[in-house]
Amino acid sequence: YSLAPVAVKLGKLLGTPVAFAPECIGAETESAVANLAEGSVLLLENLRFHAEEEANDPAFAATLASYADIYVNDAFGTAHRAHASTVGVPKLLPAYAGLLMERELTVLSKLLESPERPFAAILGGAKVSDKIKVIENLSKICDTILIGGGMAYTFLKAKGQSIGKSIFE
């Protein structure tokens, strides 16, 4: 789960070296941020290694925010999470949607407001509880909803079907 290989790949894609901090917080990271040259890039280690991330810990969010001037979220798939990096930090910095996030929202808005028919949604993931409101809302506008991934086993189990050792909620 380390982002170290991502730093190498990102450097190749950007055509410039990408420094890597082996932690997302701490003295070594603070030093790396403080010594960052103008125009250079620093990738911090995966913050999901810290329980404070998922807990949306205010002190953790404040430390992360102290490394930046603005916050740009381009991770649509994780924007719904009430974590330090998605909720805590943007409360402390000027916050913006990235280009990918903007494109996702534009497309989704069009789909939800005036979809072409037939309109089908495909949902996946492990936990139904995370997506039940989405399923309820989509059921009002979709002609068909296809459910895959771990969520499918929850529905199969609820219908009394055998799912073996598959995950379910």
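The values are calculated or read from the model by the stated rules, or taken from the named source; none is laboratory data. If you're wondering where the values come from, they're calculated on a predicted model, not measured in any experiment. Glycine also receives a Cβ, built like all others from the backbone with ideal geometry; neighbour counts cover every protein chain displayed. Areas reflect the complete protein model, heavy atoms only, side chains present, ligands, DNA and RNA absent. Shrake-Rupley method; radii C 1.70, N 1.55, O 1.52, S 1.80 Å.
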message: Can you pull out every residue in region 95-111 that is surrounded by fewer than 13 Cβ atoms within 10 Å (Cβ to Cβ) and under 23 Å from residue 142 (Cα atoms)?
response: 106, 107, 108, 109, 110
message: If residue 86 meets every condition in (1) open to solvent by 80 Å² or more (accessible area, probe 1.4 Å); (2) under 21 Å from residue 54 (Cβ atoms); (3) of a type in the set (Val, Ile, Thr) apart from one, which number is that one?
response: (1)
statement: Among helices (runs of 4 or more DSSP H) entirely inside region 86-169, those with 3 or more residues being over 30 Å from residue 25 (Cβ atoms) and at pLDDT below 95 are 99-113, 132-139, 149-158
field: Residues of region 23-52 satisfying the condition of being open to solvent by 40 Å² or more (accessible area, probe 1.4 Å), farther than 25 Å from residue 12 by Cβ and not β-branched (Val, Ile, Thr)
entry: 27, 30, 31, 34, 51, 52
message: Against the definition (more than 18 Å from the chain's Cα centre (by Cα), among the hydrophobic types (A, V, I, L, M, F, W, C) and either open to solvent by 80 Å² or more (accessible area, probe 1.4 Å) or within 23 Å of residue 131 (Cβ to Cβ) (or both)), how does residue 92 come out, yes or no?
response: yes
